[in-house]
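Structure record follows, encoded as structure tokens.
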Amino acid sequence: MRRLNFYSHEKISDRIVVVTEGYSMVHRFTIGVVIGDKQVLVIDSGLGMTGDLRPYIESIVGRKKPLLCVCTHGNIDHIGAACTFDEAYLNHGDWDDVARALDRERRMRDLNSFSLFNKEVVEYGRVHMVDNSKTEFKDVVEGQNFDLGGVVVEPIDLYGHTWGHYGFYIRQENIAFGGDGINVDTHLKRLDRAGLFKYRDTLRRFLSITGDDVKIYAGHLNRPHKSNVAKNVALACEEVANGQTQGDPPAETIFLEKTGNPAMRMHYHGNSCIIYDASRLK
């Protein structure tokens, strides 16, 4: 079987590298690399379909410093290769989801969708997948900053997409990695009406910490969002919670086992949307 390479990267500054893990032209995962004088912090770790992520990052930053990994949340496409790093962190709110996320067959089903059902990619993943069944995470909470030497990474609560979702802010670079919590299509299917109001407030608090000029890298886009995306998502949450949902279209998905649920809807504010479960709003 010929070797496949799913990684590319762009150097944003002397401290920041954005790595992209891509299994098709349209489905990609964003992995942040923050380079300190003493340590390197990797933010998210992709689907883990090969053991190549750490060696790829080491080809950029070298092998002399410890490599730590912190995951924005416990979904399958963010924790896949976390076990290959020297330490792995995830907020305890998502620990209950880890076993399901690391299930081998579940990962294969997701790879099938993310690769747009490409048989060569799926077979490659089946053979080269990281065995992460024994991944162990340390907790991460606000105030538990990562001082890497010359640069500090600050965790910020972004509870909503999952219960333990966190964003990570590099103040001196004015860059944040928001995982799946801030995006032009933000999935908030777990939230009821009160939860949507809470997430609106969570986003506004996030921006009060980072400021309006922050550049936000989402979990599946390799170019940054401006703060207006977070503001639009906050307003979309408010509108849905207030019942302004007339005409909201269905929200379908690439995952075949999850399609066809009429309760899943999209609501736009500006060019950003949230995906919500209408059955939770009753």
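Points worth noting:
- Each Cα pair under 8 Å and six or more residues apart adds its separation to the average, and for the chain the resulting relative contact order is 15 percent.
- Fluctuation leader among Asp131, Asp180, Asp96 - the chain, Gaussian network, Cα springs under 10 angstrom: Asp96
- Its Cα gyration tensor gives the range 201-254 an equivalent ellipsoid. The semi-axes, each the square root of 5 times an eigenvalue, are 23, 17, 8 Å from largest down.
- Over 22 Å (Cα to Cα) - which of Lys11/Lys65; Lys11/Lys38; Lys38/Lys134 fall in this group: Lys38/Lys134
- Where N is the number of residues in the range 177-223, Cα Rg divided by 2.2 N^0.38 Å: 1.20
- Based on Cα atoms of the range 142-256, Rg over Rh with Rh as the Kirkwood radius reads 0.99.
- For the range 47-153, the equivalent ellipsoid built from the Cα gyration tensor has semi-axes of 26, 18, 10 Å, listed from largest to smallest.
- Under the simplified labelling scheme, the Arg205-Ser13 pair shows an inter-label distance of 2.6 nm, with each label point 7 Å from Cα along Cα→Cβ.
- The range 1-106 - Rg over Rh from alpha carbon coordinates, Kirkwood radius: 0.96
- Percent of beta bridges antiparallel (DSSP, the range 1-135, rounded to nearest 5): 70 percent
- Here the Gaussian network model covers the chain, with springs between Cα atoms less than 10 Å apart; of Lys231, Lys198, Lys138, Lys138 fluctuates the most.
- Put a dot 7 Å past the Cα of Val184, heading toward its Cβ, do the same for Glu58, and the two dots end up 3.7 nm apart.
- Extension reserve of the Asp37-Glu87 stretch, reckoned as 0.36 nm per residue once the Cα distance is removed: 16.3 nm
- Here the spin labels are modelled as points 7 Å beyond Cα on the Cα-Cβ line, and at Arg104 and Arg280 they lie 3.2 nm apart.
- A straight Cα-to-Cα reach below 22 Å connects Lys282 with the lysines Lys189, Lys198, Lys258, residues fewer than 8 places away in its own chain not being considered.
- Put a plus charge on the Cβ of each Lys and Arg, a minus charge on the Cβ of each Asp and Glu, and nothing anywhere else: the dipole of the chain about its Cα centre is then about 320 debye.
- Mean-position separation - Cα centroids, the range 83-161 and the range 13-47, in angstrom: 13 Å
- With Rh defined as the Kirkwood radius, the inverse of the mean 1/r over Cα pairs, the Rg/Rh of the chain is 0.95.
None of the figures in this text is laboratory data; all of them are computed from the coordinates on show. Just so you know, these numbers come straight off a predicted model, no measurement behind them. Virtual Cβ from ideal backbone geometry, glycine too; neighbours counted across all protein chains shown.
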